[in-house]
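In what follows, a structure is listed as structure tokens, so that the remarks can point back to it.
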Amino acid sequence: AGANIVVASSPDGLLLVDGGRAEHSTALLALLAERYPAAAPKVLFNTNWRPEHTGGNEALAAAGAAIHAHENTKLWLGADFTVKWEKRRYEPRPRAAWPTATFYTSGTLPFGDLEVRYLHLPRAHTDGDVAVLFPRANVLVASDLLAVGRFPMLDYSTGGWIGGFADATRALLEVCDADTRIVPAEGPVQTRAALEAQLELAHALHRQVAEAYRAGGSFEDFKAMKPTAGHDAGRG
């Protein structure tokens, strides 16, 4: 679908965390109808603004889902901007793709017999990152706040940075235990150990960036230090 999608069913219908890319929307809706013939999509969470998470917004909204996201995600979807590391311009999405229920902080959402918590983790991967926790099922949807088999992508064009990413990882560790199933944006379901390894990585790289900055070297000097060398084998 472009990114992992989590679906939770309740007597009120279906709740989705992320909707994949637009080109997969028809297949997603067909799969939902096959798996849950008596239930319709009622809630969709966008964990950030990027198209692999928000591409299904129009189709799922047309199917009856209210789109929940951080206010900054809505602002990016309505903006004309360039992501520098991609060298790609993003134009405003149609209003049908914009979130219809936005928030600024963490909170809870009653949904049938489900207990749903959404957690805003500021300025990490982007400035609108959201993780979704299902406490009774002990499932945490971390999305792009957990990178598996690769280095985290910190989208500095839309507010991400290494210090915020470390803070977000620490906050996610506080809401999970050894049995929590953690769903990243890409790759298989993980355990708490993946977050612990990521926090170690974030702290190490943040420290090296700060030390290099204080030393006053150039960017080329910093690259020559090979700051990620100790983590390349597991991250590519």
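The values are calculated or read from the model by the stated rules, or taken from the named source; none is laboratory data. Treat the numbers as computed from the prediction; the structure is a model and nothing was measured. Here the Cβ is made from the backbone with ideal geometry for all residues, glycine too, and neighbour counts use every protein chain on show. Protein only, heavy atoms only, side chains kept; ligands, DNA and RNA dropped before computing areas. Shrake-Rupley method; radii C 1.70, N 1.55, O 1.52, S 1.80 Å.
Things to note:
- Average silhouette area of region 29-80, convex hull of alpha-carbon atoms, in square nanometres: 3.8
- Estimated D of region 110-171 in µm² per second, where Rh is the Kirkwood radius over Cα pairs and Stokes-Einstein applies at 25 °C, 0.890 mPa s: 201
- Calculated from backbone phi, Karplus (6.51, -1.76, 1.60) coupling profile of region 44-58 in Hz, x at Gly/Pro: 10, 9, 9, 7, 6, 7, 5, x, 6, 10, 10, x, x, 4, 4
- Candidate residues SER143, SER218, SER157: accessible-area rank, largest first, probe 1.4 Å: SER218, SER157, SER143
- Using bins of 10 Å that start at zero, the share of Cα-Cα pairs per bin across region 1-119 amounts to 14, 47, 31, 8, 1, in whole %.
- Take the chain with all the other protein chains still there, run a 1.4 Å probe, and you get 48 Å² of accessible area per residue.
- Under 5 Å from the amide H of LEU114 lies no amide H of any residue 5 or more positions distant or on a separate chain, with H modelled from the backbone and absent for Pro and chain starts.
- Of the beta bridges in the chain, as assigned by DSSP with both residues counted there, near 60 percent are antiparallel.
- Given LYS74/LYS223; LYS84/LYS226; LYS84/LYS223, the pairs whose alpha carbons are separated by over 29 Å: LYS74/LYS223
- Under 10 Å, Cβ to Cβ, from ASP113 - net charge with Lys/Arg +1 and Asp/Glu -1: -1
- Relative to the longest principal axis of the Cα atoms of the chain, the long axis of helix 192-215 makes an angle of roughly 40 degrees.
- Remark: region 105-194 carries a charge dipole of roughly 120 debye about the Cα centre, counting +1 on each Lys and Arg Cβ and -1 on each Asp and Glu Cβ.
- Across region 78-88, rounded Karplus estimates of 3J(HN,Hα) from the backbone phi angles (6.51 cos²θ - 1.76 cosθ + 1.60, θ = phi - 60°) give x, 10, 10, 7, 10, 8, 5, 5, 8, 6, 10 Hz, Gly and Pro being marked x.
- Note on the chain: the C-alpha convex hull projects to 13.1 nm² when averaged across all orientations.
- The candidates TYR156, TYR36, arranged from most to least accessible area with a 1.4 Å probe in the full protein assembly, appear as TYR156, TYR36.
- The listed residues VAL132, VAL7, once ranked by accessible area (1.4 Å probe) with the largest placed first, stand as VAL7, VAL132.
- The C-alpha atoms of the chain define a longest principal axis, and helix 25-35 lies at about 60 degrees to it.
- Per-residue ellipticity at 222 nm computed for the chain from its helices equals -9000 deg cm²/dmol, with DSSP H segments shorter than 4 residues left out and the rest contributing -39,500 (n - 2.57).
- Heavy-atom surface analysis with a 1.4 Å probe gives region 52-157 a carbon and sulfur content of 54 percent of its accessible area.
- Other-chain or far-sequence residues with amide H under 5 Å of ALA66's (modelled H): VAL43, LEU44
- Spatial separation of Cα centroids for region 1-66 and region 180-201, in angstrom: 23
- Per-residue HN-Hα couplings for region 142-158 [Karplus 6.51, -1.76, 1.60; θ = phi - 60°; Hz; x = Gly/Pro]: 8, 6, 6, 7, 9, 9, 10, x, 7, 7, x, 9, 9, 7, 5, 5, 10
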